[in-house]
Amino acid sequence: PVNLSVNINNLKGNAEGSFDADTFSFTGTGVVEITVSDKYSNTESLMLEVVNAKNVTSYSELSNTNCVLLNDIVMSSGGKLRFANASLYGNGFTFDITKGKTGDTVNGSDSDNGVIILDNSVMDNVVVLGAVYTDYGGTAKDDYNYTAVLAINNTVVANSYISNCASPVRTISGADLKIVNSTLEGGTFANVDLRGNSATFENVTTINQTDA
């Protein structure tokens, strides 16, 4: 066995941790720094954010609560997901929503036209792959009217990549959206469709859809 020395120091909040039998355990929330040293004095450090959330390994486990992805997941056919006053932490994993709901026979309300709906919620470090639309719906083809992520009220998207659908991100009336350190790509109508109250962008890249 390899003898390791592990130190866990709190940097923010009240998060605390321990290491026993190759397993890390944490309590509280915040940011910790983990430092690992071997007997040759080789040292590596990393920072982790400890959150109060449910671990998720499949689409069926997602619910309207704080969730943390532990691997890539795929939305079921015709699926749709709504977060209200909750957060989705992706750990850099991919959420494939290409089989998710695309539209209705009759165009629904603006507050319903999203595959993922974020209402007073946060999406952090998630790769969202939406369906590639061949047309933009508008009033002509409602099947192509959905957005990948619909923002309602106060919503934050951070450290994420969101692609395709009519737009990767859309807001509705009254929404306040903040996007930070993220990339939006491939919307048939726009990469961000702003219909809300305010929008703040910090280090955001948009990439237009291109013909194959």
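At-a-glance table
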{"quantity": "Scan of segment 1-51 for residues that are among the hydrophobic types (A, V, I, L, M, F, W, C), open to solvent by less than 60 Å² (accessible area, probe 1.4 Å) and farther than 28 Å from Asn66 by Cα, ordered by number", "calculated": "Val6, Val36"}
{"quantity": "Residue within segment 35-42 that is without any contact (Cβ under 8 Å) to a residue 40 or more places away in the chain and within 24 Å of Asn125 (Cα to Cα) present", "calculated": "yes"}
{"quantity": "Any hit, segment 30-51, residues being among the basic types (Lys, Arg) and touching a helix residue (DSSP H, G or I) at 6+ places or on another chain (Cβ under 8 Å)", "calculated": "no"}
{"quantity": "Filter result for Val31 (touching a residue at least 12 places away in the same chain (Cβ under 8 Å), in contact with a strand residue (DSSP E or B) (Cβ under 6 Å, 6 or more places away or on another chain) and under 25 Å from Met123 (Cβ atoms))", "calculated": "yes"}
{"quantity": "Close pairs (8 angstrom Cβ cut-off, 6 or more residues apart or separate chains): closer than 7 Å to Leu118 by Cβ and outside any strand (DSSP E or B) in segment 143-158, open to solvent by 10 Å² or more (accessible area, probe 1.4 Å) and at pLDDT below 95 anywhere", "calculated": "none"}
{"quantity": "Sole residue being touching a Lys or Arg at 6+ places or on another chain (Cβ under 9 Å) and under 22 Å from Thr155 (Cα atoms), chosen from Thr94, Thr65", "calculated": "Thr65"}
{"quantity": "Search result, residues across segment 60-75 that are farther than 19 Å from Asp119 by Cβ and free of Cβ contacts under 8 Å to residues at least 24 places away in the same chain", "calculated": "Ser60, Glu61, Val68, Leu70, Asn71, Ile73"}
{"quantity": "Subset of segment 154-178 (residues that are surrounded by fewer than 24 Cβ atoms within 10 Å (Cβ to Cβ), over 19 Å from Phe93 (Cβ atoms) and at pLDDT 95 or above)", "calculated": "Asn154, Asp176, Lys178"}
{"quantity": "Looking only at segment 189-199, and only at residues there that are open to solvent by 40 Å² or more (accessible area, probe 1.4 Å) and assigned to a loop (DSSP other than H, G, I, E, B), the one that is farthest from Lys80 (Cα to Cα)", "calculated": "Asn197"}
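The values are calculated or read from the model by the stated rules, or taken from the named source; none is laboratory data. Keep in mind the model is a prediction, meaning the values are calculated, not measured. All Cβ positions, glycine included, derive from the backbone under ideal geometry; neighbour counts span all protein chains shown. Ligands, DNA and RNA are stripped out before the accessible areas are found, and what is left, the full protein with its side chains, is counted by its heavy atoms. Shrake-Rupley method; radii C 1.70, N 1.55, O 1.52, S 1.80 Å.
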